Structures are given as C-alpha cells and as structure tokens.
Amino acid sequence: MVSRRSKGMSAAAETVRYQVTGMDCSSCAAKIEGAARKVDGIQDVKVSIASQIMTLEVDDPGRRLPLLETAVTDLGYQLDRIGGQKGANSEHDHDEEGDDDHIPDLSHVTPAYKRALWIVVLLNVGYGIVEIAGSFIAGSQALQADSLDFLGDGLISFLGLIAVGWGLAARAKAALLQGIFLGLLGLGVVASTVYRVFIEHQPESLVMGVFALIAFVVNVLAAVVLIPHRKGDANMRAVWLFSRNDAIGNLAVVAAAGAVWWTGSQWPDLIVAFAVAGLFLQSAWSIIRDARSDLRQAGR
C-alpha cells in the first residue's frame, strides 16, 4: 500500500502505527484523532475502533511523536508503537507476510490487568444478557436498548483481549462480524420499538427502574475493577469518563421508568429506547466502517 504524502509534509515523512488501549466506543476514536491532529507535523490521522490501531503520517518523528504520545495519554489511553514502520517513500508498508509488523509490544499489560479486563468483559456481557431478559419481563424498550450498550462494550473489550498478536486483517474480519452482529441487534430493537408505537403497552415501571439501577451499579463496579490498574490522573479521568457516559444511559432509563409511572404512558420508555438505540447503531456502523477500511489497508 502506497502511503499518501499530505500537502506540506516533508520528503522524510513516515507512516507510523500505534496500538491503542482503552477505547470502548467511536467517540473515543474521535477524541484521539482530534488530539493527534493538534500536534504540529502530524497528518492523515485515522483511529480504527475495529482494530484498535491509530495510523498517521509524521515528519521528524523523533521530535513529533513524544508530543503526540503525551497528548493521547493525557486523555487516558495507552499507546504502544507497532514495530516494522516503513518510511512514506517505501513502496509497501506491509504485505501478507509482513502482517506480523502489526503486533505491538504489550508487555506493560500485566496478568493482573488482563484479569481485570476479563472481569469487565464478564460484567458487561453477563449483565447485558440479564438486562435483555429484564426488558421482556418489564416490557421495556429502553431496557432492551440499554442492554445493547452492555453487550457492545463487552464485545469490544473481548475482541481487544483475544486479538492481541493477531494481524490487521484477522482483527478487521473479527471486528466486521462483530459490527454486523451488533448492528442487527440494534435494528431489531428499533423495529420492536416502532412496533410498540402502534401497540398500546405500558411497561412495568418498577421492574424497569430496578434493572436500570442494577445496571448503574454494574458500571460502577467495572470502573472500580479497572481503577487500580490505571496509571496517573489522566487515566483515572478516562475510567471516570467511560463510566460516566454509561451511567448517564442507565440513569436515563431510570428517569424514563419514573416518567412512565408518573404519566401512565409508554412514550417516555419509547423515546429513551430510540435515543439509546440510535447511539448504539452509530457505534456499530463505526465498527463496520473501520473494519472495512482496515481490510482494504491489509490488501485482502
């Protein structure tokens, strides 16, 4: 694959790749891209939520990359330079046999940290399944949509754990299947919510609220598990931000339950369901888009 030389970049520009640890949604990728673009000499930044890889072009890497790494780690993410970088004038950044160049040094990921990540995966996927069951018991579309957020976070973290050492193409294929699966789940929630618009049905507000409150507690527990394994104040902020965003969704479902009880109407439940499902579908599309881009980059 021929690296593109951006306007204004020097002849010595290089294509550099990093493995990014700590992303769990498309907004994370957007934040990292924004921080990287603010560093002078950095161009063509792309962060893939599918493969968890950041690719960029840089002139004078020795001077620019430390600034880039500081900017990204200050947001709370871990960067690991992927070996086998080639210059921008190189004819190919990698080929099929060079796919191992995409394997980063993850020696900093200790066994204790891996165990913590597995706990987070189990919390997210496990409660996602429980909440799906709860959504049928309560007859709540908002709970059903919120359960997808748990499943999505858990599956992204799971892919990040099992795909360490995989080549770019293998990670992208796995992410593409994951994105399609999550997208189909999201469309199913949207379809069933649309159906509820035409079928009068008031959710069980008490059951709905209880499951949403438990979801809030699960997100807090996930943050507590990860905090001891984060380094520095910036990473603590990142854990807080992830947990805060998920907790806002949980509390929105709690608020919808209260509104259903207060008004005797199903509309608060449906409105929150559409909002959460819409955000989820956006994330699923980001995974699919990035995975397809990674597959093209891998030449498959």
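The values are calculated or read from the model by the stated rules, or taken from the named source; none is laboratory data. Bear in mind the structure is a predicted one, so any value in this text is a computation, not a measurement. We place every Cβ from the backbone using ideal geometry, glycine too, and count neighbours over all the protein chains shown.
Details
- Taken over segment 282-300, the criterion of being under 16 Å from N245 (Cα atoms) and either surrounded by fewer than 20 Cβ atoms within 10 Å (Cβ to Cβ) or of a type in the set (K, R) (or both) is satisfied by Q282 alone.
- Within segment 130-151, the set of residues being closer than 22 Å to Y195 by Cα and surrounded by fewer than 22 Cβ atoms within 10 Å (Cβ to Cβ) comprises I132, A133, F136, I137, G139.
- Every pair of residues 6+ apart whose Cβ atoms lie under 6 Å, when the first sits in segment 43-59 and is without any contact (Cβ under 8 Å) to a residue 24 or more places away in the chain while the second is of a type in the set (D, E): V45/E33
- Contact map, segment 177-193: residues that are closer than 13 Å to L279 by Cβ paired with residues that are modelled with pLDDT of 90 or more and among the aromatic types (F, W, Y), Cβ distance under 8 Å, separation 6+ or inter-chain. Pairs shown: V190/F274.
- The residues of segment 131-171 that are under 20 Å from W261 (Cα atoms) and within 17 Å of the chain's Cα centre (by Cα), listed by number, are A145, D146.
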